[in-house]
1. May I ask which of 9/90; 38/89; 28/71; 38/59; 41/89; 41/90 have a Cα-Cα span longer than 21 Å here?
2. So, in nm, how far is label residue 103 from label residue 53 when the simple model puts each one 7 Å beyond its Cα toward the Cβ?
3. List the residues, sorted by chain then number, that are 5 or more residues from residue 64 or on another chain and whose placed amide H is less than 5 Å from its amide H.
4. Express in nm, to one decimal, how much length is gained between residue 39 and residue 26 on full extension, taking 0.36 nm for each residue of separation and deducting their alpha carbon distance.
5. First measure r as the distance between the Cβ atoms of residue 8 and residue 78, then evaluate 1/(1 + (r/R0)^6) with R0 = 22 Å and state the FRET efficiency to the nearest 0.05.
6. Under 10 Å from the Cβ of residue 10, count the other residues' Cβ atoms, weight Lys and Arg +1, Asp and Glu -1, and hand me the total.
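Quick note: the coordinates plus some simple rules give every number you see, no bench work behind them. Computed from a prediction, not measured in an experiment: that's the story for all the values here. Don't worry about glycine lacking a Cβ; one is built from the backbone with ideal geometry, like all the others, and counts go over all protein chains shown.
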Amino acid sequence: MAALLLEFKPLRLADNVTLQAPLSRLGKGPGLVLLVSKDYKSRSPTDISKTLDPEPQQKWAEEGFAVVEVKVDPATVEEDFKTAVAALKKLPECASYSTVGVIGASFDIEITQQLTLNSL
């Protein structure tokens, strides 16, 4: 069973948005939106052997969260965030449909206010 979970790939919802169902044994968990830089590049397969840490989306999914990663582009961030929240609300593996967590860092305060005031 564990081998099947490790093979589960994220689902691309939009150019900047990917969804990963929980990768825990329970298979269900709270929703989480990860806001990452639009310039963030995943490690290459050769770099993965240099660290024990998985990519952020996989790491949180392994902890039991239903995770949507949004690569923040100021031109599309509001629509991408709405896509992320809507996907979590529809996902059967998401344990709570009324609230989601959000993790992000180093973003323009204007983008953060835009998401807070307009998107939920």
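1. Numbers: 9/90 18 Å; 38/89 24 Å; 28/71 24 Å; 38/59 19 Å; 41/89 27 Å; 41/90 28 Å.
Pairs exceeding the cut-off: 38/89; 28/71; 41/89; 41/90.
2. Those two pseudo-labels are separated by 1.0 nm.
3. 23, 24
4. On the way: separation 13, 0.36 × 13 = 4.68 nm, distance 3.29 nm.
Extra length available between residue 39 and residue 26 comes to 1.4 nm.
5. Details: r = 29 Å, r/R0 = 1.31.
Taking R0 as 22 Å, the efficiency between residue 8 and residue 78 is 0.15.
6. On the way: positive: 9, 12; negative: 55, 69.
Net charge around residue 10: 0.
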